[in-house]
Each structure stands twice: as structure tokens, then as C-alpha cells.
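All remarks here apply to the structure that follows.
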Amino acid sequence: MMSNISETIGDYLSINFRSFERKLRLAIVRAARDLSRSGLAFATYDNSRCNPVFWDRTEQGGFLLKKGVPPFDAIKDIYVHGSSYATECSTAIPIIFYKALVDLFPAGLFNELFANLYLYDWKVDRDLGVHVEVPSQYLPGDCRYFDNPDFNPDTPQWQGENVIDLGDGTYYGHGMGIAVPEKFIMVLNSLRKIGAGRSAYLTDEATRPDFKYLSDRYYGYTGLVYRVRMVNGASAFSH
């Protein structure tokens, strides 16, 4: 009986994780669509800008959270006052991941995990758990990458484009908007060096946050876990 109960608890914990991953992926897609309408401008790091009420702009062009500012509020401000911000796509994607967690996590948990936010060129907080893999299946909310191997060295910001898979055959890429893959390839091909012979292309990699770790932190913080009890000799569960 104990073995069966343990297996059933494991099943329900797995259900918790799958439910969390679905919710977070949907939140990533919403955050990407919302960022496309936020007014956040595209700019190289030399010309980046941010709202000084929430962030300090570093010499590298990144955004460092100001002391005493809750990260939960600072990420939301990018979506509320997007016209005060400008950056490259390698910073825009982490912003999307963070905003998805803002929409899903209690403010206290988000502020606890991401107390020292720095937004710059994929330098993400370790608690986000961002990693690159070649999955057997691509899913909405994945970050994909269009590589431009023959990019113009005078415009290195167009050596590729990070995008979010929106799940309907389109992608969002900061600086290009929402489009089908062919559009991203066409635009990147127009930004190649003279004499280029290689086309831009969608790579096999997917960049993802650590769904399992974030799920564990979420359920551990909120207490929304399944509790086992016995009903007539059989296991039953409740929140």
C-alpha cells in the first residue's frame, strides 16, 4: 500500500509540474505579445535607455535594478512605460521571461528570487535557470534563434534574432515584431554583408527557463501542493 501511495503522490506532483509549465508557457506567450505593444524600442546597447526611477543604466548599456526598488514593480514598469526603454533582443527575451513570472508568481516570491536583477545580453538571474537544449518537440513559449551567418560586420546587432514561439506558426522578435519564419529570414538576409552566400536560418536550439525548479519554488511558496489522506483504505488528494 505504501508503495502505491508513494507512486500516486509522485503522479500528482507530476501533474502539478505539468500544470505549472503550461501556465508559464502561456504567460510567456502573453508577455511576448504584450511587449510587442508596449512601446519598447529597439536600440544597440550603446544607445539603450531605461526608466531611471527603477533602473540604473550601466556603461555596457544594461539595466541594473536600483537599490530599494522591488523587482516585481520594475519589470511591470517596462510594460507600462515602454517608451522610456530601448534595448536589443538578447535583453528583450529575458524581460519576457521575467514578466511571465510576474504574472504568475506572488510578488513576494518574485522579489525574493530576483532581488538583484540586471538586464543585459542574457545575463539572467540564476534562479531563472535559463538553458539551451535541442528538444524533441518545440512548444509555445520556447525561445528560438534565427542565425544570420553572413551578417554585415557594421551592424553586428543583426547577426541573428532571438524570438518567442507564439504557438500559431508565428514568432515575436524584438525589433522585427510578430511574423512568420520566412519574414525573419527575409529581413535578416537583407542585412548581410556584400557578397554573402549563406541564408539566415532557424536553428535547432530552444532556450527555456527551468520549469521544474520554478514550479518547485512556486508550489513551495504558495502551499498549493497535494496532500494525501486515506478514504476507506484508498488514497485521496486535496489541495
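A few comments on the model shown:
- The modelled label-to-label distance for the pair Asp46/Lys183, using points 7 Å beyond Cα in the direction of Cβ, is 2.9 nm.
- Residues Arg30 and Val132, FRET efficiency given R0 of 25 Å [Cβ-Cβ distance, rounded to 0.05]: 0.60
- Axial C-alpha extent at least 30 Å, average Kyte-Doolittle at least -1.0 - helices from the chain (DSSP): 2-36
- The chain - Kirkwood radius from inverse mean 1/r over Cα pairs (Å): 19.4
- Kirkwood's formula applied to the C-alpha pairs of the stretch 131-208 gives a hydrodynamic radius of 12.7 angstrom.
- Globularity index of the stretch 62-147, i.e. its alpha-carbon radius of gyration over 2.2 N^0.38 Å: 1.12
- Inter-site label distance for Lys123 and Asn152 at 7 Å from Cα along Cβ, in nm: 2.9
- Lys/Arg +1, Asp/Glu -1 at C-beta; the stretch 131-208 dipole; positive extreme among Tyr201, Thr170, Ser190: Ser190
- Too-long pairs where the Cα-Cα distance tops 18 Å, listed order kept, from Lys23/Lys66; Lys23/Lys99; Lys123/Lys183; Lys76/Lys99: Lys23/Lys66; Lys123/Lys183
- R0 of 41 Å, Cβ-Cβ distance Ile194-Val69: FRET efficiency to nearest 0.05: 0.35
- Top of Gly160, Gly39, Gly223 by mean-square fluctuation, Gaussian network on the chain, Cα under 10 Å: Gly223
- Partner aspartates and glutamates for Lys67 [C-alpha distance under 20 Å; skip if fewer than 8 residues away on the same chain]: Asp56, Glu59, Asp77, Glu112, Asp125, Asp127
- Förster-model FRET efficiency, 41 Å R0, Arg37 and Ile15, C-beta, rounded to 0.05: 0.75
Read the figures in this text as sums done on the coordinates, not as results from a lab. Note that the structure is a prediction, hence the values are computed from the model and not measured. Neighbour counts run over all protein chains shown; Cβ positions are idealised from the backbone, glycine included.
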